[in-house]
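See below for the structure under consideration.
The values are calculated or read from the model by the stated rules, or taken from the named source; none is laboratory data. Just so it is clear, the structure is predicted and the values come from calculations on it, not from any experiment. FYI the Cβ positions are ideal-geometry reconstructions off the backbone, even for glycines, and counts take in every protein chain you see.
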Amino acid sequence: MIIDALIVTYNPEIERFAKALESLRSQVSEIIIVDNGSENYAEIEKVKTENSVLIPLKSNYGNSYAVNRGFEYAEKQGVDFIILSDQDTVFKEDYAAHFEKVFLKNHDDKIAAYAPFVFDENINSILYVGVLKNNRIKNVVPENTMNVLHTIASGMIIDCKILANIGGMNEDIFVDMFDYEWCWKVNYLGYKILVLPELSINHKFGDKIITILGKKLPLRSDLRYYFGIRNAIALSLKTKYLPQKGRFFLFIFGIEYFCGYFFLAKKKLLLLKAVIDGLKKKTGKIVIS
C-alpha cells in the first residue's frame, strides 16, 4: 500500500509547517507540497523533508486548483492513497498505521475517503460533520464510525482508484467549501465518506474565539468571512450535488453566517458584497483594493 501526503502551502508559518512535515515524514512514501505562490517560498524549500517533492505555482490559484495538481502528480506515481493536510496540521505518529488497520476492517469498494475525528483546539471539542437526513443537512458531532455528507479536507485519506472515477476538486471554488462540495459529489455519485474514531487530528478553526450570549464564535479575517458567506450562498443556488432541501439549508446557513459576523467585521461593505456576489453565483478569486 503506497500512501502519500498532500499539503497546499500559502505563506505558511514556517515553524509550524516544519512540524507538520516532520509528523508525516516517516508515515508516508512521499509528501507532495503544492505551493500557491508563497512569499516565503525559499523558507519552504529549506525545511522540506528528504522525501518531499515541491511543486511551485506562479500565483495563488486557490486550494482546489493546487490540490488537483497534487492529485495529478500522485496519479503518475501510482499512489494508492493520499492523506490531505493543512499546512499547520501536526499528525500523530501512528496516523497512517491506524488507517491501514481500519482500512482492512472497514474496506468497501464504495468508500472514496476515510476521515478523522477533528478536535478543535479553540472550542475544546470535536468539530461537527454534515449528514443528510430527510434531504436536509444536519450538523452533528460524531461519536462512532459513520458515513457523512461532508467534513473538512485536512486529515482525509482518499482512495486514488476511486478518485479516478469521481474526479478532483472544483477549481471554480476559491478557498472555502471546495472540500465540502467534493464530498457532496462523492455522495451524489453513490460513494461514501467514512469518519473513523480511530483517526484523529487537532485543528484550530478561526484565529481566536469570542463568546457572545454563551455561544463561542471563531474570529477570522474579513476576507475569510467574505468567502464563507459568498460561497455558501452561491453553491446553494448552483450545486447539482445536493437535494433541494439541502440547498435551502445551505442558503440559510450563508445568511446566518452574514448576520452572525456582520457587526464583528471591520469591512462591513465587504460582507454585503459577499451576499450580492453569492446571489450572482460567483465562487472564484476576487481582488480587494
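Scanning region 85-109 for residues that are within 20 Å of H150 (Cβ to Cβ) and either within 21 Å of the chain's Cα centre (by Cα) or not assigned by TED's automatic domain parsing to the domain that holds R16 (or both) gives S85, D86, T89, F99. Select from region 238-266 the residues that are among the aliphatic types (A, V, I, L, M) and either surrounded by fewer than 18 Cβ atoms within 10 Å (Cβ to Cβ) or assigned by TED's automatic domain parsing to the domain that holds V175 (or both) and list them in ascending order. If the condition is that a residue be among the aliphatic types (A, V, I, L, M) and either surrounded by fewer than 18 Cβ atoms within 10 Å (Cβ to Cβ) or assigned by TED's automatic domain parsing to the domain that holds V175 (or both), then I252, I255, L264 are the ones that fit. Out of L235, L269, one residue alone is more than 16 Å from V175 (Cβ to Cβ) and not assigned by TED's automatic domain parsing to the domain that holds M177. It is L269.
I'd like to verify a number: residues in region 163-173 that are farther than 13 Å from T239 by Cα, over 12 Å from the mean Cα position of the chain (by Cα) and part of a loop (DSSP other than H, G, I, E, B), how many? Lay out the reasoning, then the answer.
Residues of region 163-173 that are farther than 13 Å from T239 by Cα, as a first pass: 163-169, 171.
Filter once more, so that each one left must be over 12 Å from the mean Cα position of the chain (by Cα): 163-168, 171.
Checking the rest, the ones that are also part of a loop (DSSP other than H, G, I, E, B) come to 167-168, 171.
Count: 3.
Considering only region 27-136, give the strands (runs of 3 or more DSSP E) lying wholly within it that have at least 2 residues that are of a type in the set (G, A, S) and closer than 30 Å to K245 by Cα.
Numbers: elements: 30-35, 52-56, 81-85, 111-120, 129-133.
The qualifying strands (runs of 3 or more DSSP E) are 111-120.
Only one of the listed residues (I55, I33, I14, I7) is modelled with pLDDT of 95 or more and out of contact with any Gly (no Cβ under 9 Å at 6 or more places or on another chain). That residue is I14.
Tell me yes or no: at least one residue of region 231-247 is outside any helix (DSSP H, G or I) and more than 19 Å from the chain's Cα centre (by Cα).
yes
Only one residue in V148, V118, V131 is buried (at least 17 other Cβ atoms within 10 Å of the Cβ), in contact with a strand residue (DSSP E or B) (Cβ under 8 Å, 6 or more places away or on another chain) and within 20 Å of I3 (Cβ to Cβ), so which one is that?
Numbers: V148 fails: within 20 Å of I3 (Cβ to Cβ); V131 fails: within 20 Å of I3 (Cβ to Cβ).
Residue meeting the stated conditions: V118.
The set of residues in region 12-39 being of a type outside the set (A, V, I, L, M), buried (at least 17 other Cβ atoms within 10 Å of the Cβ) and over 27 Å from V102 (Cβ atoms) consists of P12, F17, D35, N36, S38. Among all residues of region 116-129, there is none that is among the small types (G, A, S), out of contact with any helix residue (DSSP H, G or I) (no Cβ under 8 Å at 6 or more places or on another chain) and either closer than 26 Å to F248 by Cα or modelled with pLDDT of 90 or more (or both). If I filter region 50-70 for residues that are of a type in the set (F, W, Y) and over 25 Å from C183 (Cβ atoms), do I get at least one hit? No: region 50-70 contains no residue that is of a type in the set (F, W, Y) and over 25 Å from C183 (Cβ atoms).
Listed conditions (1) in contact with a Leu (Cβ under 7 Å, 6 or more places away or on another chain); (2) modelled with pLDDT under 95 are all met by L84, apart from (2). For region 180-227, taking the residues that are at pLDDT 95 or above and among the hydroxyl-bearing types (S, T, Y), the one that is farthest from D109 (Cα to Cα) is identified as Y226.
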